[in-house]
Structures are given as C-alpha cells and as structure tokens.
Amino acid sequence: MFYDKFVLLISTGHERSVKAKKNIAALVLFKGISIIISFMLVPMTLQYLNPVQYGIWLTLSSVIAWFGFFDIGLGNGLRNKFVESIAKGNAKQARMYVSTTYAILSIVISAVFVMFLFVNPYLSWPVILNADVGLTVELRTLALIVFTFFCVKFVVGLLNILLLADQKPASANLLEVLSNLLSLLLIYILVKKTSGSLIYLGMALGISTTIIPLLASFWYFRHKYRIFAPSLRYVKLTSARELMNIGLQFFVIQIVALIIFMTSNMVIAQLFGPREVTSYNIAFKYFSVITIAFNIIITPFWSAYADAYHRDDITWIKDATKRLIFMWAISIFGAIGMVVVARQVYLHWVGPSIEISLSLSVAMALYVTISNWNNIYASFINGSGKIRLQLYSSIAVGIVNIPLSIVLAKYCGLGITGVVFASCACLIVSSFWAPLQYSKIVNKTATGIWAK
C-alpha cells in the first residue's frame, strides 16, 4: 500500500517535477549510503592516522582542491549552455560545448600540472601546513601524489556536470557512492596491513576518487551520451567565447566560495595548529548532514530552473520555490535537534580524545541554516544566468572573509568558533539581496544589474 502511494506521488505532476522527484528519491538512497560511509571513514582514518596527521591530511586536501578552480568557471558555463541547447533541441550545439570544454580544460590542467612539477620541490609544505619540518620529504611526495590524481579527476569529473545538466543528479551521486565504497575498502585494507602513512592514504583515496569517474566516462560516451561525446571535430573557439562569458563570472564566484568554504582549514591550522583542524572538520562533517539532506532536495533544481526559465514557465518556478522554502523551514528544526544531541554523538562517534565545544556546534548549525537558505535562490539565479549581482557581492565578501575570520578567532578570543561566525556573517549578505533579485526576475520587473 505504502509503495503504491509512493509511486503515485513521484509519478504525478508536471514532467519537470516528476523528473525532480524521481531524482530526489534516488538521491535519498545514495546520499544516505554516502553519509554512512563518510561517518565510517572518519574513525577509521583516525585509527590509521593520529589527530595531527589527520589534520595535516585535511589541510593539504583543501589546498590541493583550490586548483579545482582553474576551470575558470567553464564547468558551470557548460552546465547552463548544455541545458539551453537541449531545451532548444540542438544536440549538435550541445556536443560542440562539451567538446570545447573538455579540450580547454585538458590544456589548462596539463599546463598547471607541469608548473606544479617545477614548483613543488621548492615549496615548504611544513610551513604551509604548520607541520613538523621532519616531514618535508613525506609531505612533498604526498602533495605530488594527491595533485596527480586531482588532475585526472579534474577532467573526467566533467561527466558529473553533464549528468547534472541533463537533470540526472542521482546518476552523478551513484558514481560518488561507488568511489566512497572503494575508499572505505582501501582504507580498511591499509588499517589491517600497514601502519599510519600519509603516502599510502593519498594513494588509496587518489585511486578511489579517479578510477570510478574515468571508467564511467568511457561507458557513458560509448552508450547513453554517444551523441555528446567529445570530439576534436566539434571543438570551436567561438563557442569557447560563449562559455567563457558566463564562465568567468562563475569563476570569480567560485573563488569566493573557495575563500569562504576552504580557507577555514588553512586559517585554523596557522592560528591554532593541525589538531584544531580535526575538531573543526568533525563538527563540520556532523552538521553537513543537514546540508546534504537539503542538497538532496535542491540538487535537481538548478538545471530544472534553467529549463523552466528558457521555456518561460514562471508558474512552475514559483511553485517549486515555495516548496523549497517549506523544506528549508523543516531543516531548521533538524539543526536545533542536532545541537541538542551533539555532545553524545561526538563522544560515541570519535571518542573523548577530540573535544568540540557547544559554541562551535551552535555556530555550525547557524552556518548550515544560512547556507541552505541562500542555495534556494542561488539555484534559480545560477540557472537563469543572471549572476552579475552575485558576482559583485561575492567579490566584496571574498575581501572581508579571511580578515574577519582572523579578527573573530584570534583577537576576539572566539577560537575556531570565530572562523565559523565569520563565514556566517559573509553568507548572510546574500540572504537579503538574492530573494529580491529572484522576485524581480520571475515578476519580470528586473532591470539594470538585477537583470544581468
């Protein structure tokens, strides 16, 4: 009986809504598995590495991930242009955008990799990571391993962009689940067969995060996405200009996201040491359950909003946004509940050796609540391509974030909690102007910067 009602629920309504509901249902399953695996990975990795080594690993991973923004926004540019081409029934143009993006990113990341090979021997990783100078050789080798695998994933990860653009986020998340399962298996083998080694950990996680998307790319482009498969014949520099036009704006916005979301590890490592990075990330991972749950719901909507916008389906856009706001309101109660039981969860999850304050948990709950609210409107604004105001706001926020983090954490005596409060203060700016821009666009009253 329940199954029949569930099938009826997700199979009725507008075609775009049905597709979104089916993806959400699948995402619940896949994200649930991913959450379980990620929570299992933390104590298993801490069993393999000590807290200081784990903090070093987290910080280095964040630093390497910064290079992900060398796509200069082309991934998001491809996503919007791909949706627009499909909405207009132009598969040939979609393949042109795909081929051009793969070509440009392959050239960019190859150049960056060669540059890294020359620079890496001269980088003082112990200084960068605030680690023991005796780890110099090990950290330099680890950085090379992690960066090499990152470069491979940088290109093959474009498949996820296509799956998201084609309103198939569940398929993209299935690949993530498979990668996480492989990570869990390899780390389990490391725990059983070797002693704590950052090098072995880097190799294991590098293999698990690249081999799955690589194999999936070969399969998709030989079967389901054969008509969109990258080809040198379809590489067009003129289409690169179109991708770059919106892509560069996304690039700047991504840089700010880098500053807000990823430099926190670096700031904490420099001010308080790698061990505090571990505490911060455990609290972050715990409250990311709220973000992940909300993202399960909102993930299909960027491309769905883009499709509806290009088809001028304003009624669907308004109805979808109302439903998302309702789900956001429910998530607030979830965040409050997680604060209440946080102490017990931390104790049973990672043990008494890692101390996490109540203030840090409260700050994290506030952070995910603001972030989820912003993501509702960001999904629509990004899908519509009207991101100029978001660009300017992001630049202002990016300038303020790191200094504010240092002031609150060090000079106001808030510690790592101050870093989280700084991120909250920066994010809340968008909480005011984004809903206003959304209203102006859907009501067709947007002019000037509101419509760019």
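The values are calculated or read from the model by the stated rules, or taken from the named source; none is laboratory data. Not measured: the values here are computed from a predicted model. So basically every Cβ, Gly included, is an ideal-geometry build from the backbone, and we count neighbours across all protein chains shown.
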- line: When restricted to L271, L324, the only residue part of a helix (DSSP H, G or I), over 30 Å from I402 (Cα atoms) and touching a helix residue (DSSP H, G or I) at 6+ places or on another chain (Cβ under 6 Å) is L324
task: For L205, state whether it is under 25 Å from the mean Cα position of the chain (by Cα), assigned to a helix (DSSP H, G or I), of a type outside the set (K, R) and buried (at least 21 other Cβ atoms within 10 Å of the Cβ).
output: yes
- prompt: Assuming W219 fulfils every condition listed in (1) farther than 30 Å from Q53 by Cβ; (2) surrounded by 17 or more Cβ atoms within 10 Å (Cβ to Cβ) apart from one, which condition is it?
  reply: (2)
- prompt: Would you pick out the residues in region 165-191 that are surrounded by 22 or more Cβ atoms within 10 Å (Cβ to Cβ) and more than 23 Å from L41 (Cα to Cα)?
  reply: A165, Q167, P169
- line: Among (1) within 17 Å of the chain's Cα centre (by Cα); (2) under 26 Å from I297 (Cα atoms); (3) buried (at least 20 other Cβ atoms within 10 Å of the Cβ); (4) of a type outside the set (A, V, I, L, M), F150 falls short only on (2)
message: Given the condition touching a residue at least 40 places away in the same chain (Cβ under 8 Å), out of contact with any strand residue (DSSP E or B) (no Cβ under 6 Å at 6 or more places or on another chain) and over 25 Å from L358 (Cβ atoms), answer yes or no: does some residue in region 287-296 qualify?
response: yes
field: Candidate set: region 300-319, residues that are under 19 Å from A170 (Cα atoms) and touching a Lys or Arg at 6+ places or on another chain (Cβ under 9 Å); chosen: the one surrounded by the fewest Cβ atoms within 10 Å (Cβ to Cβ)
entry: D307
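Condition check ((1) surrounded by fewer than 20 Cβ atoms within 10 Å (Cβ to Cβ); (2) at pLDDT below 75; (3) part of a helix (DSSP H, G or I)) across all residues:
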| residue | (1), (2), (3) |
| --- | --- |
| V18 | yes, yes, yes |
| L27 | no, yes, yes |
| Q47 | yes, no, yes |
| F67 | yes, yes, yes |
| F82 | no, no, yes |
| S85 | no, no, yes |
- line: When region 100-112 is checked residue by residue, the ones that are in contact with a helix residue (DSSP H, G or I) (Cβ under 7 Å, 6 or more places away or on another chain), of a type outside the set (S, T, Y) and buried (at least 18 other Cβ atoms within 10 Å of the Cβ) are I104, L105, I109
task: Kindly indicate which of T238, T210, T194, T148 is among the polar types (S, T, N, Q) and in contact with a Lys or Arg (Cβ under 6 Å, 6 or more places away or on another chain).
output: T210
- prompt: Which of the residues that make up region 350-365 are among the aliphatic types (A, V, I, L, M) and surrounded by 15 or more Cβ atoms within 10 Å (Cβ to Cβ)?
  reply: V350, I354, I356, L360, V362, A363, M364, A365
message: With the requirement that a residue be among the small types (G, A, S), in a helix (DSSP H, G or I) and in contact (Cβ under 8 Å) with a residue 24 or more places away in the chain, what does region 131-170 give you?
response: A143, A165, A170
